[in-house]
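Everything below concerns the one structure shown next.
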Amino acid sequence: ELGAAQTRYSIGYLHFLRGAYHQAMRVLHQARIECRQLGDEQTAALCVLDLAEIHLQLNVFDDAARLAAEARESFQSLGMRYEAARAATFLGLAQLRMGPCHPSNLEEAEQAFAIADEEFTAEGNEVHLGLLSLYRAELWLLRGETAQAVALAEAAEHTFSRQELRTKIC
């Protein structure tokens, strides 16, 4: 049963990668329930993280923020720092995208990005640090601080150049 539930999670993730969001959400919700019932909190948390990312793609930012916070809490309790950092990133992105409507969200986005930055630094994950620089640049643009935004974008470009990630450089 557990193997079947974990396979369902993988199928849900594949639907997400193909852009079949409705199908992905349906399968991930079911896999999450099954994994929790079977005691697999790790895969259940991965389902929640993927659901948060889907909600970001669909511009449903309130739900994305709620799911990202839930995933982050689960990953922290499981000691999964990389996944917890990704969840913090998604939380920051959700808050950032809601920011123009509610300026306090920009502060929450900045806090979430700082947490993710600290954890990705500890993991040595330069690619995600570069992505965080870009997200922070967007944050500074919303605040009208162009010079700070440009500096962060240039830092991201430098990171992506070192890693030879041509598509990210663009």
message = Let me spell out the model: positive unit charges on the Cβ of Lys and Arg, negative unit charges on the Cβ of Asp and Glu, origin at the Cα centre of the stretch 117-170. What dipole size does that give, in debye rounded to 20?
response = 240
note = Per its Cα gyration tensor (rounded if a/c is under 1.5, else prolate when a/b beats b/c, else oblate), the stretch 104-170 is best filed as oblate
ask   = Along the charge dipole of the chain, Cβ charges K/R +1 and D/E -1, which of 111, 153, 28 sits furthest on the positive end?
value = 28
query = In nm, what is the difference between 0.36 nm times the number of residues separating residue 33 and residue 7 and their Cα-Cα distance?
reply = 8.0 nm
inquiry  = On a full-extension model of 0.36 nm per residue, what is the gain between residue 150 and residue 14, subtracting their alpha-carbon distance, rounded to one decimal in nm?
reply    = 45.4 nm
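Which of rounded, prolate, oblate describes the stretch 1-124, given a ≥ b ≥ c as roots of the alpha-carbon gyration tensor eigenvalues and a/c under 1.5 marking rounded, otherwise prolate only if a/b is larger than b/c?
Details: a/c = 2.32, a/b = 1.44, b/c = 1.61.
Verdict is oblate for the stretch 1-124.
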query = Got a number for carbon plus sulfur as a percent of the chain's accessible area, 1.4 Å probe?
reply = 50
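The values are calculated or read from the model by the stated rules, or taken from the named source; none is laboratory data. Small disclaimer: the values here were computed from a predicted structure and weren't measured. In this analysis, Cβ positions are derived from the backbone assuming ideal geometry, glycine residues included, and neighbour counts consider all displayed protein chains. Please note that ligands, DNA and RNA were not included when accessible areas were found on the heavy atoms of the full protein model with its side chains. Shrake-Rupley method; radii C 1.70, N 1.55, O 1.52, S 1.80 Å.
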